[in-house]
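The values are calculated or read from the model by the stated rules, or taken from the named source; none is laboratory data. It should be emphasised that the depicted structure is a prediction, and the values quoted were computed from it without experimental measurement. Neighbour counts run over all protein chains shown; Cβ positions are idealised from the backbone, glycine included. These accessible areas exclude ligands, DNA and RNA; they are computed on the full protein's heavy atoms, side chains included. Shrake-Rupley method; radii C 1.70, N 1.55, O 1.52, S 1.80 Å.
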Amino acid sequence: KHRFARISPTKVRPVLDLIREKSAEEALKTLEFNRKRAAGFINKVLRSAIANAGLDVDVDELYVSGAMADGGPTLKRGIARARGMWNRILKRTSHITVTVSTREQ
């Protein structure tokens, strides 16, 4: 998991769709060459999930069984506008979760 990532969940979800149900190695290659900013966050989470899978699990057998991005707390900011008005800026955060497991034969 990567909690409170400073990126909107709507920007993360299309990248997660690219790696869902792929092998772990293929997912890492896909993220490495993806130019979106969300790919960096997801790459870090996926590498952590592979490392946490344990030493007794073969890395070649792992695949991305689940990947989701939920909304986190929103940082509320503002910017001054014309005639003394104030506009609200919402800086969204997300909780990124990637799950890996082995395929049942």
- Task: Being in a helix (DSSP H, G or I) and either open to solvent by 50 Å² or more (accessible area, probe 1.4 Å) or modelled with pLDDT under 95 (or both) is the filter; apply it to segment 5-23 and report the residue that is farthest from Asp70 (Cα to Cα).
- Result: Leu18
- Message: Against the condition touching a residue at least 24 places away in the same chain (Cβ under 8 Å) and closer than 20 Å to Asp70 by Cβ, how does Ala38 come out, does it pass?
- Response: yes
- Message: If Asn87 meets every condition in (1) open to solvent by 40 Å² or more (accessible area, probe 1.4 Å); (2) more than 22 Å from Arg3 (Cβ to Cβ); (3) touching a residue at least 24 places away in the same chain (Cβ under 8 Å) apart from one, which number is that one?
- Response: (3)
- Query: Just a yes or no: is a residue in segment 65-79 out of contact with any strand residue (DSSP E or B) (no Cβ under 6 Å at 6 or more places or on another chain), open to solvent by less than 90 Å² (accessible area, probe 1.4 Å) and aliphatic (A, V, I, L, M)?
  - Reply: no
- Note on the structure: Listed by range, strands (runs of 3 or more DSSP E) wholly within segment 25-105 having at least 2 residues that are over 22 Å from the mean Cα position of the chain (by Cα) and at pLDDT 95 or above are 75-80, 86-91
